[in-house]
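Here is the structure we will look at.
The values are calculated or read from the model by the stated rules, or taken from the named source; none is laboratory data. Everything quoted here is computed from the prediction, not taken from an experiment. Note that each Cβ is placed from the backbone with ideal geometry, even for glycine, and that neighbours are counted across all protein chains shown. Note: accessible area is taken over every heavy atom of the protein model, side chains too, but ligands, DNA and RNA are not part of it. Shrake-Rupley method; radii C 1.70, N 1.55, O 1.52, S 1.80 Å.
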Amino acid sequence: MRFASHAVTTEAAATDEREAPDVQADPGQIPRAVGTSGIGLVARITHSATTRGNLRASVLGGMGVLGFLLVWEFFARTGLLLRGSLPPAGATLVKSAQLLTNASFLTNVGDTLWATAVGFGIAFLIAIPAGLVLGMSQRVYLLTSTVVELLRPLPPIAFVPLMVLVVGQDLRMKAVIVMLGCIWPLLTNTIHGVHATNVTAVETGRSFGWGRLQVARRIIWPSAVPSIITGVRITISIGLILCIGAEYIGGSSTGIGSWLLQQSMLPQGMEAVCAGVVITGLLGLVVNGIVNVAEVKFAKWSDQEDAV
Amino acid sequence: MSSNGISRMRRVKPLVGWFVAVLLILGWQAWTSISQSIYFPTPLDVLRGTYNRWFSAGLPIFLTHDFAVDVVPSLERLAIGLALAVIVGVALGIALGRVRVIAELVEPMLHFMRALPGPVLIPLALVVVGSGTSMRVGIIAFGAVWPVLFNTYSAVKKVPSGWLAAAKVARLGRTATLFRVIVPAASTGIFAGIRVATGIGIILLVASELVAASNGIGFGLTQSQRAFQFEAMWIFIVALSVLGYIANLMLSGVERLVLNWNRMLRLNNERGTGSV
């Protein structure tokens, strides 16, 4: 309930990082939480869209954005506190709009997204099954947990120079780096999700004479889904950071990171750099939004599954 | 599984886990010494290289001049950047969680900023703050502040209203309520945020040291790449891993300490209210 409602209310689209511990904290509640999330969600959406509080929030939020742009414009025009020259906000926004119709820029954006998607996809295909196995089998968990704890803190970005030499500077390198960064949060969130399954529900399933696989599919998987999606949300933004970082450091030929690097070396390139940064931020927001929609869908799906 | 079996497994767990880890490292040693790939030196070579590069200065401190050039500046930047992120993030998070108008004013802006991947800001930061240490510290702080801020924010909002009411009944002032009720209650969430922030901080440390730097781990890493010194490259990779591992250990230690204090404080509070 708490988990799913975060997705839509404006207050909390932000809480993803702390939901894993949250899910961990009350394992007993999870199956029921999955069961009621759909209803709570719909109620929230229809309710909050019409309330005055929401209007107030968007007016105030708009004022906040406007204020930020004005401050930016002020500092850019007066040159206070700056070492170099920062393009003013208005000009940057115009440039951003131009970039959105610029084919070569959009190709770069597409390359970054594709590399992130490939790396994330591979990580997903490895981490989710591995997480289910590690979560369900105490024996495998005990055997591997030390190794996982040793590997998890490795910063993926440290492998960029190595990967540049081993697999080149482009798609494969980026995908490997993104994969290295995505695999651990996905794995740990899957394990948390499995561990949070209501023990009574599992026992009930067993008493129906269900085998391991059936218990896994009908009880453990649905209750692990919310935690897995939390993992997906955290992971996608990490993946995007890593991909752009890898392009920037690894000297890729395409991608947002390399585009920004090229522009920053041009004389008068700062306007394009700022516009690129603005678009990257918007891109991050769009990706987050898509994951939120997927979250609503999947929460509903697990709700139905639970009801069957 | 019987409870007896589980408790036995708990006891042997560290041993078994380390045994598997040692097996893996031995396997790595065997594979790298057989394959003779130039990209992958053997772990023993990397270990020897690390010793020669950083720890071979002899008594009394062992650390070489290279250590001071390669590692110390990075540690400084990371520590200052993370400290800034934690201070700003917790303060802003509490302000947002307590005062609704502030939250509503800045929230869209914050979501936008949080969606900005840290490395894209490096070219911008070069222009705005120059290429000194402050740029690197700023990049780390900017990237790492968001998980701390948003976690603090949501943790503060989740403080049970009953506790706040109890604080009022106990006539705690604003400051006392903040430091004795809200911050302790939110500390678990804050720590979860700091943990995420540390990982991001290390990424940004390396990324920021690749531009216009003259020292640090990230600088050494790219230098050795350009010179095709694979062993040196692995030394830096392992150093970053150890850094990540130690940072994690330290965080866990501090967390245990603080959360213990938190529990004691809560006990004290209960006693306090009992006597009133």
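Worth a mention:
- Acute angle (nearest 10 degrees) that the helix B:230-275 long axis makes with the longest principal axis of chain B, alpha-carbon atoms: 20 degrees
- Chain pair B, A: total accessible area buried, heavy atoms, 1.4 Å probe, Å²: 5900 Å²
- Spherically averaged projected area of the range B:37-124 from its Cα convex hull (nm²): 10.3 nm²
- The orientation-averaged projection of the convex hull spanning the C-alpha atoms of the range B:117-212 amounts to 7.1 square nanometres.
- Degrees, to the nearest 10: B:3-35 long Cα axis against longest axis of chain B: 30 degrees
- A compact globular protein would have a Cα radius of gyration near 2.2 N^0.38 Å; the ratio found for the range B:167-248 is 1.76.
- According to the Cα-based calculation, Rg over Rh for the range A:133-201 is 1.13, with Rh computed by the Kirkwood formula.
- Net charge over other residues, Cβ less than 14 angstrom from the Cβ of B:L47 (K, R count +1; D, E count -1): 0
- Across the protein chains, with a 1.4 Å probe defining accessible surface, the residues A:L283, A:L266, B:L149 rank A:L266, A:L283, B:L149 from largest area downward.
- Nearest-ten-degree value, helix B:100-115 long axis tilted from longest Cα axis of chain B: 10 degrees
- More than 35 angstrom apart: percent of Cα pairs within chain B: 37 percent
- Rounded accessible area per residue of the range A:180-297, 1.4 Å, Å²: 37 Å²
- Rolling a 1.4 angstrom probe over the range A:176-308 with all protein chains present gives an accessible area of which 65% lies on carbon and sulfur atoms.
- Counts of other chain beta carbons within 10 angstrom of each beta carbon in peptide B:153-164 average 2.
- Counting Cβ atoms of other protein chains within 10 Å of each Cβ in A:141-154 and taking the mean gives 6.
- Residue of B:V129, B:V183, B:V169 that the Gaussian network model of chain B assigns the largest fluctuation, springs spanning Cα pairs under 10 Å: B:V169
- In chain B, the portion of solvent-accessible area held by carbon and sulfur atoms comes to 68 percent [1.4 Å probe, whole percent, DNA, RNA and ligands not counted].
- Coil-residue chymotrypsin sites (Phe, Trp or Tyr not before Pro) of the range A:187-263, DSSP, other Cβ within 10 Å capped at 15: A:F208
- Seen from every direction in turn and averaged, the convex hull around the alpha carbons of the range A:90-220 projects onto 12.3 nm².
- Over the range B:144-188, equivalent-ellipsoid semi-axes from the Cα gyration tensor in Å: 22, 10, 7
- The mean accessible area for residues of the range A:124-168, using a 1.4 Å probe and ignoring ligands and nucleic acids, is 40 Å² per residue.
- Taken residue by residue and averaged, Cβ atoms of other chains lying within 10 Å of the Cβ of A:240-247 number 5.
- A convex hull fitted around the alpha carbon atoms of the range A:163-258 yields 94 Å³ per residue.
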